[in-house]
1. Do we find that residue 175 is surrounded by 22 or more Cβ atoms within 10 Å (Cβ to Cβ), in a strand (DSSP E or B) and in contact with a strand residue (DSSP E or B) (Cβ under 6 Å, 6 or more places away or on another chain) in this structure?
2. Taking the range 138-148 on its own, how many of its residues are buried (at least 19 other Cβ atoms within 10 Å of the Cβ) and part of a strand (DSSP E or B)?
3. Considering the range 102-114 alone, what residues qualify as being assigned to a loop (DSSP other than H, G, I, E, B) and either at pLDDT 95 or above or under 20 Å from the mean Cα position of the chain (by Cα) (or both)?
4. Out of curiosity, is residue 26 modelled with pLDDT under 50, under 13 Å from residue 212 (Cα atoms) and touching a strand residue (DSSP E or B) at 6+ places or on another chain (Cβ under 8 Å)?
5. I'm trying to understand the selection: among the residues of the range 189-224, which are outside any strand (DSSP E or B), within 28 Å of residue 136 (Cα to Cα) and touching a residue at least 24 places away in the same chain (Cβ under 8 Å)?
6. So is residue 147 touching a helix residue (DSSP H, G or I) at 6+ places or on another chain (Cβ under 9 Å) and under 29 Å from residue 57 (Cβ atoms) or not?
7. Restricting attention to the range 149-172, which residues are assigned to a strand (DSSP E or B) and under 17 Å from the mean Cα position of the chain (by Cα)?
8. Quick one: would you say residue 186 is assigned to a loop (DSSP other than H, G, I, E, B), buried (at least 17 other Cβ atoms within 10 Å of the Cβ) and free of Cβ contacts under 8 Å to residues at least 60 places away in the same chain?
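The values are calculated or read from the model by the stated rules, or taken from the named source; none is laboratory data. Just so we're clear, the structure is a prediction, and the values are computed from it rather than from any experiment. Cβ coordinates were reconstructed from backbone atoms using ideal geometry, including for glycine residues, and neighbour counts include every protein chain displayed.
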């Protein structure tokens, strides 16, 4: 099946139309994925997006890697075929930073643009980040997912995920939509997004993730907790 872009897709609505067309046909398309819309596919970052641990300090090789004390461990997983997803295991460990506080970086999964940024400001109220995931072990502590702009930790906006993940069925694949307008806090610039997923918990959690992408999401259906 192919989806043609409608003639009414003028400049201001072009990105939204692209999101609609892509989200309607991505499963059937063999074309190269658009990195403005697709960020993670079959457990791999869609170039120039890179999936890593600890904000890029631990790079994954064949979807495998671990931070200090195995605070966060990644390894290949299977959704439809071997290696088309990544399993992530957070283990609650005491790891201190140079100021004597818990080092949150070692427990952070990162999806970072290595070359530039994307501009989603015009569709912020009409789109959601959709993550394809399977919960294996529910969280026992707070969980946050954040977006970041300008590669700057001061410009992050987040959504709390603990309660969301605890309500999802265990060991079943789901597509979890996170409306962009629900990401709150921080001085984030939606015209210069450089990270589309910073996933962190200080507790125990185990997930499998296969994909992350943008999809149209009607504003009237948005409910932010």
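1. no
2. Qualifying residue count, the range 138-148: 5.
3. Result: 114, single match.
4. yes
5. Of everything in the range 189-224, those that are outside any strand (DSSP E or B), within 28 Å of residue 136 (Cα to Cα) and touching a residue at least 24 places away in the same chain (Cβ under 8 Å) turn out to be 202, 203, 204, 217, 222, 224.
6. yes
7. 149, 156, 157, 158, 159, 160
8. Spelling it out, residue 186 is indeed assigned to a loop (DSSP other than H, G, I, E, B), buried (at least 17 other Cβ atoms within 10 Å of the Cβ) and free of Cβ contacts under 8 Å to residues at least 60 places away in the same chain.
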